[in-house]
1. Scan segment 298-313 for residues that are free of Cβ contacts under 8 Å to residues at least 12 places away in the same chain and more than 20 Å from residue 116 (Cβ to Cβ) and report the count.
2. Would you mind stating whether residue 105 is assigned to a strand (DSSP E or B), among the charged types (D, E, K, R) and more than 27 Å from residue 218 (Cα to Cα)?
3. Looking at 92, 74, can you tell me which residue is among the aliphatic types (A, V, I, L, M), modelled with pLDDT under 95 and out of contact with any Pro (no Cβ under 9 Å at 6 or more places or on another chain)?
4. Given the conditions (1) over 23 Å from residue 252 (Cα atoms); (2) surrounded by fewer than 20 Cβ atoms within 10 Å (Cβ to Cβ), report the number of the one that residue 184 does not fulfil.
5. Any chance you could count how many residues in segment 133-171 are surrounded by fewer than 23 Cβ atoms within 10 Å (Cβ to Cβ), among the small types (Gly, Ala, Ser) and under 20 Å from residue 41 (Cβ atoms)?
6. Test of understanding: among 7, 60, which residue is assigned to a loop (DSSP other than H, G, I, E, B), modelled with pLDDT under 95 and surrounded by fewer than 20 Cβ atoms within 10 Å (Cβ to Cβ)?
7. Report the residue count in segment 334-347 for those that are open to solvent by less than 30 Å² (accessible area, probe 1.4 Å), of a type in the set (Ser, Thr, Tyr) and farther than 14 Å from residue 204 by Cβ.
8. Check segment 349-361 and report whether any residue there is out of contact with any strand residue (DSSP E or B) (no Cβ under 6 Å at 6 or more places or on another chain), in a loop (DSSP other than H, G, I, E, B) and within 17 Å of residue 116 (Cβ to Cβ).
Amino acid sequence: DTDRSRGLGDVYKRQNYSWISPRKLNDSITEGSFMKTLYLVTGAAGYLGGEVCRQLVERGLHGRALVLPGDKTAQYIPREIEQCEGDLCDTASLERFFSVAPDTETIVLHCASMVALGNERRELVMKVNVQGTQNIIDQCFAHPECKKLVYVGSTGAIQELPHGQRMKEPECFVPEESLGVYGQSKAMASQLVLDAAKAGLNACIVMPSGILGPGDAACGPVTSGLLMQMRGEVSVGLKGTFNLCDVRDLANGLFLAVEKGKEGESYILANEIVTYPEFAALTAQEGHCKKPLFYLPKGIANLAADILERQAKKSGKQPALTRYEIYNLARNNEYDSTKARRELGYTSRPYRETIRDEIEWMKQTHKI
């Protein structure tokens, strides 16, 4: 049991997604050909990419993962997935990643990106997220055996609307309308994909609102927050909302996009919003732990973030709280995933189920 050996256990047996058979996935791309289909996954050692690889194995599909040299989280990629060391910014390594036997066609699932919680590392974020995506597009054009590209964008690339309005897929992406280097870089990269589709590349975009659920080996911000509450380290919370999707539902959304995603189209993969107090209460109930005693309003939280950011700048460490994180909680997080639900068959499970499974995963991997 490969998953159990990695501490994932029974959590992954409750997938709850609309199953797509390997034959149906392949036939939708190959139109009845007898060629082997290989799924090329970037960011395969990441939160979403790792789940994509696990679902490739569960579906009986063949995959190749692009991993950075020395990436320790690559150990969590299922052993059935071929690993290819490389870098989005190294075209020679991408050429090796894309090279396949004559009887093989490929589908690219571009999950890799560099996340920033503000404007830090701007040059590197732009290089990886924008130039890296252009390099992937160039390889897709250079390899006629590449039948489709599904790019993982972000709802952070969409212009924010006032509270009370649900945000939908834009016809084009304007970086200046996004706040922070991450959102701007994802807007630029998404537009590159749309432009490539207009030039003849079979490509579409999925845009997750946020990620939650089991399998976050690197322990990103949401998982870290859950861990802190489970350990009794969160006495103060922030007022605001989340829009988070189960990582298993997002990975399934990529496979749905492979099968049904239209060329040059974007699809929001979102959930219903949940307030921080509601989220913390669910965590307390499922994890049998304490919830925050009270929640800071935005103004006071920003003052605290200013102090913590100044201290972090002097120490060279990451601040415990940033203005950008506060903004993400206070902003409008209402995204409309009607298009993805209607055209792809995308579904999202309840927060309680996802939180329960992530806590179980934390226990199985001895994080708590």
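The values are calculated or read from the model by the stated rules, or taken from the named source; none is laboratory data. Computed from a predicted model, the values in this text were never measured in an experiment. Cβ atoms come from the backbone with ideal geometry, glycine included; neighbour counts cover every protein chain shown. Side chains included, ligands, DNA and RNA excluded: accessible areas come from the protein's heavy atoms. Shrake-Rupley method; radii C 1.70, N 1.55, O 1.52, S 1.80 Å.
1. Residues of segment 298-313 free of Cβ contacts under 8 Å to residues at least 12 places away in the same chain: 299-300, 303, 307, 310-313.
From what's left, more than 20 Å from residue 116 (Cβ to Cβ): 299-300, 303, 307.
Counting residues in segment 298-313 that are free of Cβ contacts under 8 Å to residues at least 12 places away in the same chain and more than 20 Å from residue 116 (Cβ to Cβ) gives 4.
2. Numbers: assigned to a strand (DSSP E or B): yes; among the charged types (D, E, K, R): yes; more than 27 Å from residue 218 (Cα to Cα): yes.
Yes; evaluated as a whole, the condition is true for this residue.
3. Working: 92 fails: modelled with pLDDT under 95.
Just a single option satisfies the conditions, and that option is 74.
4. All conditions are met except number (2).
5. 1
6. 7 is the lone residue from the list that is assigned to a loop (DSSP other than H, G, I, E, B), modelled with pLDDT under 95 and surrounded by fewer than 20 Cβ atoms within 10 Å (Cβ to Cβ).
7. Quick first cut of segment 334-347, residues open to solvent by less than 30 Å² (accessible area, probe 1.4 Å) only: 335-337, 340, 344-346.
Those still in the list that are of a type in the set (Ser, Thr, Tyr) too: 335, 337, 346.
Those still in the list that are farther than 14 Å from residue 204 by Cβ too: 335, 337.
Summing the residues that are open to solvent by less than 30 Å² (accessible area, probe 1.4 Å), of a type in the set (Ser, Thr, Tyr) and farther than 14 Å from residue 204 by Cβ in segment 334-347 gives 2.
8. The first filter runs over segment 349-361 and keeps only residues out of contact with any strand residue (DSSP E or B) (no Cβ under 6 Å at 6 or more places or on another chain), leaving 350, 352-353, 355-361.
In the following step, the residues that additionally are in a loop (DSSP other than H, G, I, E, B) were identified as 350.
When the remaining residues are screened for being within 17 Å of residue 116 (Cβ to Cβ), the result is none.
Looking through segment 349-361, none of the residues is out of contact with any strand residue (DSSP E or B) (no Cβ under 6 Å at 6 or more places or on another chain), in a loop (DSSP other than H, G, I, E, B) and within 17 Å of residue 116 (Cβ to Cβ).
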